[in-house]
Amino acid sequence: MSVAAAAAAASTYLARRAAQKERVRILYRRTLKDTLDWAVHRHIFYKEASDLREKFEANRHVEDLDTIDRMLDEAESRFNWWRHPDPYIVPWAPGGSKFCRNPTPPSGIEIVYDFGKEDND
């Protein structure tokens, strides 16, 4: 194998590993946030979060790229199957109950707060 081919193979391997690491990170964060939707009380959430971390750490030693891809696909499909049907949304975030409750006034309307010091002409 030539030096150029070896470098290309190494860069392909590193790019695929980086993409897998990113997928694992995203899956872990999404699953952790979804766990908070299922376990409302913090003492329950901490136990569930610890169990989730152990599940991710149990497969940290896997090095085969195809096995990692297969495990990620299975984990993502399992996450989508068990995702909370009515997730908690912060009230002022998009989709929350208070989002855009008081929209900004239309352009051309000026609100002046003089707090009783208005000119009475």
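The values are calculated or read from the model by the stated rules, or taken from the named source; none is laboratory data. Note that the structure is a prediction, hence the values are computed from the model and not measured. Reconstructed Cβ throughout: ideal geometry from the backbone, glycine too, with neighbour counts over all protein chains shown.
Of all residues in segment 52-85 being loosely packed, with under 14 Cβ neighbours inside 10 Å and among the small types (Gly, Ala, Ser), which is farthest from Ala10 (Cα to Cα)?
By that ranking, first place goes to Ser77.
Tell me yes or no: at least one residue of segment 92-109 is under 25 Å from Lys21 (Cα atoms) and surrounded by 10 or more Cβ atoms within 10 Å (Cβ to Cβ).
Within segment 92-109, the subset under 25 Å from Lys21 (Cα atoms) is none.
Checked segment 92-109: no residue is under 25 Å from Lys21 (Cα atoms) and surrounded by 10 or more Cβ atoms within 10 Å (Cβ to Cβ).
Only one residue in Leu36, Leu32 is of a type in the set (A, V, I, L, M), in a helix (DSSP H, G or I), touching a helix residue (DSSP H, G or I) at 6+ places or on another chain (Cβ under 9 Å) and in contact (Cβ under 8 Å) with a residue 24 or more places away in the chain. Which one? Write out each step before concluding.
Details: Leu32 fails: in contact (Cβ under 8 Å) with a residue 24 or more places away in the chain.
Residue meeting the stated conditions: Leu36.
Does segment 51-74 include one or more residues that are small (Gly, Ala, Ser), over 21 Å from the mean Cα position of the chain (by Cα) and under 30 Å from Tyr88 (Cβ atoms)?
The initial filter retains those residues of segment 51-74 that are small (Gly, Ala, Ser), namely 58.
Next, from what is left, pick out any that are over 21 Å from the mean Cα position of the chain (by Cα): 58.
So of that shortlist, the ones also under 30 Å from Tyr88 (Cβ atoms) come out as 58.
Checked segment 51-74: at least one residue is small (Gly, Ala, Ser), over 21 Å from the mean Cα position of the chain (by Cα) and under 30 Å from Tyr88 (Cβ atoms).
Could we say that Ile44 is out of contact with any Pro (no Cβ under 7 Å at 6 or more places or on another chain), within 14 Å of Leu27 (Cβ to Cβ) and either part of a helix (DSSP H, G or I) or among the β-branched types (Val, Ile, Thr) (or both) here? Full working, then the answer.
Numbers: out of contact with any Pro (no Cβ under 7 Å at 6 or more places or on another chain): yes; within 14 Å of Leu27 (Cβ to Cβ): no; either part of a helix (DSSP H, G or I) or among the β-branched types (Val, Ile, Thr) (or both): yes.
Against the criterion (out of contact with any Pro (no Cβ under 7 Å at 6 or more places or on another chain), within 14 Å of Leu27 (Cβ to Cβ) and either part of a helix (DSSP H, G or I) or among the β-branched types (Val, Ile, Thr) (or both)), Ile44 does not qualify.
Go through segment 79-112 and give me each residue that's in a helix (DSSP H, G or I) and either more than 19 Å from Leu36 (Cβ to Cβ) or within 16 Å of the chain's Cα centre (by Cα) (or both).
The initial filter retains those residues of segment 79-112 that are in a helix (DSSP H, G or I), namely 79-82.
Matches in segment 79-112: Phe79, Asn80, Trp82.
Any residue in segment 1-21 that's without any contact (Cβ under 8 Å) to a residue 24 or more places away in the chain: show its pairings with residues that are not in a helix (DSSP H, G or I) at Cβ separation under 9 Å, as long as the two are six or more apart or on different chains.
Final answer for the pair search is Ala9/Met1.
Can you tell me which residue among Ala18, Ala49 is exposed (fewer than 13 other Cβ atoms within 10 Å of the Cβ), at negative phi, among the hydrophobic types (A, V, I, L, M, F, W, C) and part of a helix (DSSP H, G or I)?
Numbers: Ala49 fails: exposed (fewer than 13 other Cβ atoms within 10 Å of the Cβ).
It is Ala18.
Run Val24 past the list (1) under 15 Å from the mean Cα position of the chain (by Cα); (2) loosely packed, with under 13 Cβ neighbours inside 10 Å; (3) not hydroxyl-bearing (Ser, Thr, Tyr) and report the number of the one that doesn't hold.
Result: Val24 fails condition (2) only.
If we scan segment 32-43, do we find a residue that is surrounded by 14 or more Cβ atoms within 10 Å (Cβ to Cβ), among the hydroxyl-bearing types (Ser, Thr, Tyr) and at pLDDT 95 or above?
Within segment 32-43 (the criterion being surrounded by 14 or more Cβ atoms within 10 Å (Cβ to Cβ), among the hydroxyl-bearing types (Ser, Thr, Tyr) and at pLDDT 95 or above), the answer is no, since none of the residues qualifies.
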